[in-house]
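A short write-up of the structure that comes next.
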Amino acid sequence: MAGNFWQSSHHQQWILDKTDLIRDRQHDLSILSDEEYQKIFNFFASIIQVLGEQLKLRQQVIATATVYFKRFYARNSLKCIDPLLLAPTCVFLASKVEEFGVISNSRLITTCQTVIKNKFGYAYGQQEFPYRTNHILECEFYLLENLDCCLIVYQPYRPLLLFVQDIGQEDQLLTYAWRIVNDSLRTDVSLLYPPYQIAIAALHIACVMLGKENQKSWFAELNVDMDKIQEIVRSIINLYEMWKSYDEKKEIQGLLAKMPKPKPAPQR
Amino acid sequence: MGDNFQNNKTMAPVMMDYDFKVKTQNERSKVEDLFDFEGCKVGRGTYGHVYKARRKDGSDTKDYALKQIEGTGLSMSACREIALLRELKHPNVINLIRVFLSHTDRKVWLLFDYAEHDLWHIIKFHRAAKANKKSVMVPKGMVKSLLYQILDGIHYLHSNWVLHRDLKPANILVMGEGPERGRVKIADMGFARLFNAPLKPLADLDPVVVTFWYRAPELLLGARHYTKAIDIWAIGCIFAELLTSEPIFHCRQEDIKTSNPYHHDQLDRIFNVMGFPQEKDWEDIRKMPEHATLVKDFKRSNYQNCSLSKYMDRHKIKPDSKAFSLLQRLLLMDPNKRITSEQAMQDPYFTEDPPTTPDVFAGCPIPYPKREFLTDDDQEDKSDSKARQNQQQQQQQPNTQQNQVQANSHDHGANNAKRMRMAGPNQGNNNTTGGQQEFHQQQQMMFGGQQQGGNSQQQGNFQQRY
Ligand SMILES: Nc1ncnc2c1ncn2[C@@H]1O[C@H](COP(=O)(O)OP(=O)(O)O)[C@@H](O)[C@H]1O
Ligand SMILES: [Mg+2]
């Protein structure tokens with residue numbers, strides 16, 4: 001669907017309004033601060049990223065899985081479904097949609113187990129990955145429903161490649177901007193702005209980082225709303241600021257403990 | 001701090017919030033609560049069962065098609081079909097109205113507009129008429145209008161980076177009586193895929209997809225990647241079949257899907273019609289993975305007297321006609337030389353008389369029978385009683401068409417199904433126009449311009465649309 005973002009469900013249904021987003025998060029934000037909330041998403045985005053890499057998925061697929069994850073919780077509290085279950089479910093669904101070839105159920109579960117144990121032990125301690133295939137499959141139906149069957153997600157990578165080509169720049173700019181796009185998945189920008197704007201914002205940051213002031217004219221000639229680009233830039237820069245003083249390994253257990261959790265059926 | 005996890009270690013985790021589960025359960029509507037379709041199976045393909053359905057609440061009396069996806073859960077092909085159809089909107093591409101997920105039996109249902117006809121049945125009808133030396137009264141421009149709308153739909157798909165990959169008469173639907181009378185709807189996107197970024201060589205994913213008769217020569221010679229040109233070849237085959245009522249590359253069918261794309265008999269059939277390709281006509285043929293096998297298995301001299309013009313001439317299509325010249329451009333052996341859907345739509349064939357019409361039947365009476373209901377032998381009890389009930393209903397209907405069931409030589413998968421004619425469910429009318437209007441408003445909300453706001457209340461919700 002690369003040719004048709006403007007008619008896509010992504011554009012028509014999933015570019016959310018910031019005030020709506022904040023309102024829909026009210027329940028979670030009565031328990032967690034904005035920053036804590038973001039740190040929790042940052043953590044699960046890492047889980048999705050590492051899972052995807054272990055499964056040898058392309059970055060595009062990983063990004064799609066991350067957006068599914070964010071979209072689900074844009075409409076639901078963190079307590080509705082345990083994010084530790086939703087994260088691999090998003091990876092599973094995205095890999096089918098992006099047609100990577102089916103990941104076998106057993107391979108998915110084994111990968112979750114090893115990833116949680118070897119890479120995220122600092123968060124889960126001795127606790128093993130607690131879910132099995134049937135949990136993922138059940139969760140997948142809920143995910144699809146909550147996504148309103150919108151499975152095709154546009155990502156900033158393709159427009160980014162086109163822009164870099166247009167600027168006629170060397171690989172370094174692309175490498176930087178590409179990483180910034182990856183980082184942007186840890187903010188809300190994929191819920192709030194169209195992917196081409198995120199690509200431009202990432203390029204903007206990359207140019208500043210590389211001291212390429214001479215690209216100013218290229219940005220000036222773009223026919224885009226520079227206020228929006230600035231908003232995206234600010235979100236990403238805020239993320240980098242947050243990272244400077246954040247030690248996930250120390251804080252995450254506390255955050256996960258504080259996170260709202262699913263409640264079981266009432267006992268009789 | 002880590003207490004929480006320590007405690008959980010021995011307990012099964014709570015994966016889902018109870019209130020959330022109950023709330024979504026209550027909001028979710030079940031397909032069998034909303035639609036009547038029992039005993040009304042009209043189609044069975046490889047990937048699903050299709051039923052003719054009516055709304056139970058009578059808020060409209062339209063027919064719908066409900067496709068139950070084979071197997072349980074979200075297969076890869078179900079994912080593809082949902083993902084793509086959710087985005088696509090074109091008058092000549094079937095419209096996915098809604099998806100039902102049945103959590104209890106893990107079945108996936110897709111709701112579509114009902115298309116009374118398809119090219120497989122239409123061509124079958126023409127063949128039978130020809131065999132009985134009866135002529136069928138169809139508008140002169142029907143074939144042309146059909147082809148034009150197929151091209152229009154495929155052009156839309158191709159310009160959105162979607163390849164269909166399984167074009168054949170059974171997947172080209174045509175709307176019956178109603179507001180969209182005589183409009184082509186391209187269906188069955190189970191194999192379709194985005195082609196802008198192949199992640200793996202396509203042939204690795206589904207060993208063999210397109211039905212042999214409509215499969216382009218490069219696929220038969222082991223081409224690893226699907227292209228737009230492969231869809232165009234299939235359209236050429238369908239065009240020829242519409243003109244002659246015979247599948248142009250008819251070949252003994254094999255039931256089993258082989259993982260080997262090379263298919264000797266099918267290639268032989270193609271060469272028998274088209275002649276053996278000259279080096280100059282298809283330079284890259286030497287680069288095809290199965291070229292060596294081709295050289296070993298085939299002798300050019302066996303096809304010396306074969307050509308598309310001779311074949312079509314035998315079927316009363318003159319080599320100097322505009323129809324023939326367009327056909328030839330669609331059925332070029334070299335995929336790089338085959339024309340695009342856009343070029344095809346510009347062909348002079350479409351500007352000469354008779355003109356194309358949005359209703360392919362051009363307002364004339366539709367001679368083709370309505371879809372028959374199928375019953376599985378293994379489901380006899382249930383569907384038979386329903387069938388009898390329906391037959392009784394039908395006998396009370398004065399205007400039922402009399403249609404004999406024709407034996408067919410190339411059945412598309414309904415071999416062990418008994419076919420019979422009967423009326424649809426809820427045939428007794430309960431007309432309410434209000435519901436329909438509301439539907440249109442809702443649709444506009446769904447697809448009309450930009451959505452304001454991101455909250456679920458404001459948004460046209462696909463699942464809750466009905
Ligand atoms: N919207 C529809 N209206 C009426 N009949 C349909 C519709 N969709 C499919 N069918 C019938 O069911 C058959 C199988 O549906 P299809 O979508 O092609 O599934 P499959 O992937 O199993 O081939 C079609 O060939 C056609 O006869
Ligand atoms: Mg089909």
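Using only protein heavy atoms and a 1.4 angstrom probe, determine the accessible area buried between B and A, summed over both sides, in Å² to the nearest 100.
5500
For region A:116-268, the relative contact order is 23 percent, taking Cα pairs closer than 8 Å that sit 6 or more residues apart in sequence and dividing their mean separation by the residue count. Of the listed residues B:309, B:159, the order by accessible area with a 1.4 Å probe, largest first, is B:159, B:309. Accessible surface for residue B:16 stands near 20 Å², nearest 10, in the context of the full protein assembly shown (1.4 Å probe).
Helical content alone sets the calculated 222 nm signal of chain A at -20500 deg cm²/dmol, taking -39,500 (n - 2.57) per DSSP H segment of four or more residues and averaging over every residue. FRET efficiency for the pair residue B:265 and residue B:32, taken as 1/(1 + (r/R0)^6) with r the Cβ-Cβ distance and R0 = 51 Å, rounds to 0.70. Once the C-beta distance of residue B:161 and residue B:89 is scaled by a Förster radius of 25 Å, the resulting FRET efficiency is 0.95 to the nearest 0.05.
3J(HN,Hα) along region A:5-10, derived from phi through the Karplus expression 6.51 cos²θ - 1.76 cosθ + 1.60 where θ = phi - 60°, amounts to 4, 5, 9, 7, 5, 4 Hz, with x in place of Gly and Pro. Spacing of the modelled spin labels on residue B:346 and residue A:118, each 7 Å from Cα toward Cβ, amounts to 5.6 nm. With R₀ set to 22 Å, the beta-carbon distance separating residue B:132 from residue B:246 gives a calculated FRET efficiency near 0.90. Normalised by the number of residues in region A:15-101, the mean separation of alpha-carbon contacts (under 8 Å, six or more apart) gives a relative contact order of 36 percent.
Using the Cβ of residue B:344 as centre and a radius below 14 Å, the other residues enclosed give a net charge of +2, where K and R count +1 and D and E count -1. The distance between label points at residue A:128 and residue A:110 comes to 1.5 nm (points 7 Å beyond Cα on the Cα→Cβ vector).
The length gained on full extension between residue B:301 and residue B:57, counted as 0.36 nm times the residue separation minus their Cα-Cα distance, comes to 81.2 nm. A 1.4 Å probe over all protein chains sorts B:161, B:213, A:178 by accessible area into B:161, A:178, B:213, starting with the largest. Think of region B:285-350 as having a plus end and a minus end, set by charges on the Cβ of Lys, Arg, Asp and Glu; of B:285, B:350, B:298, B:298 sits farthest toward the positive end of this dipole.
Axis angle, to the nearest 10 degrees, between helix A:34-54 and the longest C-alpha principal axis of chain A: 90 degrees.
Shielding of peptide B:79-86 by partners, expressed as the average count of other chain Cβ atoms within 10 Å per residue Cβ, is 6. Amide H contacts for residue B:61 (H built 1.01 Å from N in the peptide plane; partners 5 or more residues away or on another chain; cut-off under 5 Å): B:432. Note on residue A:15: accessible area approximately 40 square angstrom, rounded to 10, probe 1.4 Å, nucleic acids and ligands left out.
Protection proxy ranking, highest mean first, for peptides A:33-41, B:270-278: B:270-278, A:33-41, where packing is the per-residue count of other beta-carbon atoms within 10 Å, averaged. Across peptide B:89-99, the average count of Cβ atoms from other chains found within 10 Å of a residue's Cβ is 1.
Take every pair of alpha-carbon atoms less than 8 Å apart whose residues are at least six positions apart; their mean separation over the length of chain A yields a relative contact order of 26 percent.
Which distance in Å, rounded to a whole number, links the C-alpha centroids of region A:64-93 and region A:234-262? The distance from the Cα centre of region A:64-93 to that of region A:234-262 comes to 18 Å.
Counting only protein chain heavy atoms and rolling a 1.4 Å probe, the accessible areas of A:161, A:137 rank, largest first, as A:161, A:137. Taken one residue at a time, the phi angles of region B:228-236 give Karplus couplings (6.51, -1.76, 1.60, θ = phi - 60°) of 4, 4, 5, 5, 5, 4, 4, 5, x Hz. Gly and Pro are set to x. Modelled spin labels at residue A:35 and residue B:284, positioned 7 Å past Cα toward Cβ, are 5.7 nm from each other. Database remark: amide H of residue B:42 closer than 5 angstrom to the amide H of B:50, B:51, B:52, B:374 (H placed geometrically; neighbours at sequence offset of 5 or more, or on other chains; Pro and chain starts carry no H).
Applying a 10 Å radius around every beta-carbon, put A:230-237, A:79-86 in order of their mean neighbour count, most first.
Listed from highest to lowest mean packing, they are A:79-86, A:230-237.
Ligands, DNA and RNA aside, residue B:295 has an accessible area near 90 Å² when probed at 1.4 Å.
The values are calculated or read from the model by the stated rules, or taken from the named source; none is laboratory data. Bear in mind the structure is a predicted one, so any value in this text is a computation, not a measurement. Methodologically, a virtual Cβ is constructed for each residue, glycine included, from the backbone with ideal geometry; neighbour enumeration extends over all protein chains shown. We work out accessible area using only protein heavy atoms, side chains counted, and drop any ligands, DNA or RNA first. Shrake-Rupley method; radii C 1.70, N 1.55, O 1.52, S 1.80 Å.
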